[in-house]
Amino acid sequence: MGENETTLGALASELRRGTLVLSVLSQLEERRYGYSLVQRLAERGLDVDQSTLYPLLRRLEERQLLDSDWSLEESRPRRYYVLSAAGRQLLADLTKEWDRMVEVQERLLGRSPTGSGTKEEKE
Amino acid sequence: MELMERYLYDIGRRLPAKQREDIVKELRSLLQDALDARCAGRAPTEEDVAAVLRDFGSPTEVAARYAGERYLIGPRIFDLWWLVLRIVVLCMLGGLLVALGVSLAFDTATLESALKRIADFFASAVTSVFTAFGYVTVIFFLIERARRDKGAKEKLEQKIWDPKDLPRVPVRVDRVGPVGPVVAMVFTLFAMWLFNLHPELIMVFRSLGEDVHWIDGIPALNPAALAAYLPLWNIGWIAGLALQAVLFGRGRWELGSRIAHIALQVFNIGVFGFMMGGPALLRPEVFAGWPEVAVLNDMVAGSFRWLFLILIVVTAIDVIKNLVLVVRRAFEKTAA
């Protein structure tokens, strides 16, 4: 039983890890700083480890998917991130990919009427 | 807030130098956001800070996430590697030192053979340090590889870490307290007074007879040597005084004072070299007719050559250390 739970935990976190970039990009159409992004994701049901999210933001910026700048207008300096043009494009592409995956998984799990329903939507 | 600075320092020292400052600045602001959220208006206590840090993760873990895994020895095991390396090197040097001591003690050594043993010691010390470094690093590299292949078992890292164990933020090497320069200036002034005005006070004392009722002192310095060396010493001392005064006033090492220090040390090396070849500093008769201290007599006859050699080596190490610091600071400046 215990072993099953840890297996579940490991696999579930792997699933989440796979979707993390999409989740993050989806919330950065407006500029946000790290902590506000954590809260925003949490409000929408996604609890992300802070020490995972912040390095990820930097890596996305390094790959020029995000732009960032220091804002000095508030009580303390904050680094804001926002989608770059490339990031916006990637978000659109990834979203399409996501839709396709959901569709496939739903079909595999037998939740949507096999074939017909989804095909009609596509047409 | 001191705890948070210690945490940030501990993360920072594990990050690549290029991104260090920026990442630490961002983390500071993020941690304060988390702290504000936790305290909701009231003043944060030490325990609040500790809780936020614990929640955030151990410095090793956080740094590893920023740094990625592109190291020979990754940040997760770096501390252990450094610890093991130091222990191994210390044990090897300790063993070699003991061996050297034993061989010197049980050998009726002439100065030459003793010197040769000491030279051998340094040679094998250098070799063994490099060997130890090689072996330890290869072993840790293999551990790192194995760890990475296993998908970096995070469990090991989830062991409880206590923010109270964070290292203190060290004072920068550049900073100079007031005590050091003052002590140095006092000793320099004392030496100047002694050697310039009362060189006769430097004596060798020996007890006469079985009962030490009185002791007999004879001036030890060789006047010819003193006449030759004193002007050089005075130049060094005055330059040293000026440097210490500047350090005392500014409270930190700067590019100028570092370069001045290097120049002064190079000058000192020159003086030591000159004294090695020049007239003996002590009068040859100081230890004469005194069989118990034949070794000292030999040393006087050899005008303390090996002593100057050691002084030169130590000074040269100091010069190299300072050169490295100058170059590093220059790089930091261009990077900033």
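The values are calculated or read from the model by the stated rules, or taken from the named source; none is laboratory data. Since we're looking at a predicted model, the values are computed, not measured. Cβ atoms come from the backbone with ideal geometry, glycine included; neighbour counts cover every protein chain shown.
Just a few scattered comments:
- Of B:Ile73, B:Ile23, all but one fail to be at pLDDT 85 or above and among the hydrophobic types (A, V, I, L, M, F, W, C); the exception is B:Ile23.
- Condition met for B:Leu104 (farther than 30 Å from A:Asp69 by Cβ, modelled with pLDDT under 80 and in contact with a Lys or Arg (Cβ under 7 Å, 6 or more places away or on another chain)): yes
- Matching option when the condition is away from chain B (no Cβ under 13 Å), within 22 Å of A:Glu61 (Cα to Cα), modelled with pLDDT of 85 or more and within 14 Å of the chain's Cα centre (by Cα), among A:Leu25, A:Leu20: A:Leu25
- Count - residues of segment A:40-59 that are out of contact with any helix residue (DSSP H, G or I) (no Cβ under 7 Å at 6 or more places or on another chain), more than 20 Å from B:Glu61 (Cβ to Cβ) and surrounded by 13 or more Cβ atoms within 10 Å (Cβ to Cβ): 1
- Pairing residues of segment B:44-65 that are more than 10 Å from chain A (Cβ to nearest Cβ) with residues that are surrounded by fewer than 16 Cβ atoms within 10 Å (Cβ to Cβ), at Cβ distances under 6 Å and at least 6 apart in sequence or on separate chains, gives B:Asp48/B:Arg38; B:Asp48/B:Cys39.
- Cβ separations smaller than 9 Å between residues 6+ apart or across chains give the following pairs from segment B:14-40 residues that are within 12 Å of chain A (Cβ to nearest Cβ) to residues that are acidic (Asp, Glu): B:Arg28/B:Glu5; B:Ala34/B:Asp55; B:Leu35/B:Asp48; B:Arg38/B:Asp48; B:Arg38/B:Asp55.
- Near pairs, Cβ below 7 angstrom, 6+ apart or cross-chain, from segment B:68-83 (within 23 Å of A:Tyr54 (Cβ to Cβ)) to any residue that is assigned to a loop (DSSP other than H, G, I, E, B) and at pLDDT below 75: none
- Residue list for segment B:256-279, filter: exposed (fewer than 13 other Cβ atoms within 10 Å of the Cβ) and modelled with pLDDT under 85: B:Gly277
- Within the option set B:Gly41, B:Gly57, being out of contact with any helix residue (DSSP H, G or I) (no Cβ under 9 Å at 6 or more places or on another chain) and on the phi > 0 side of the Ramachandran plot holds for one residue only, B:Gly41.
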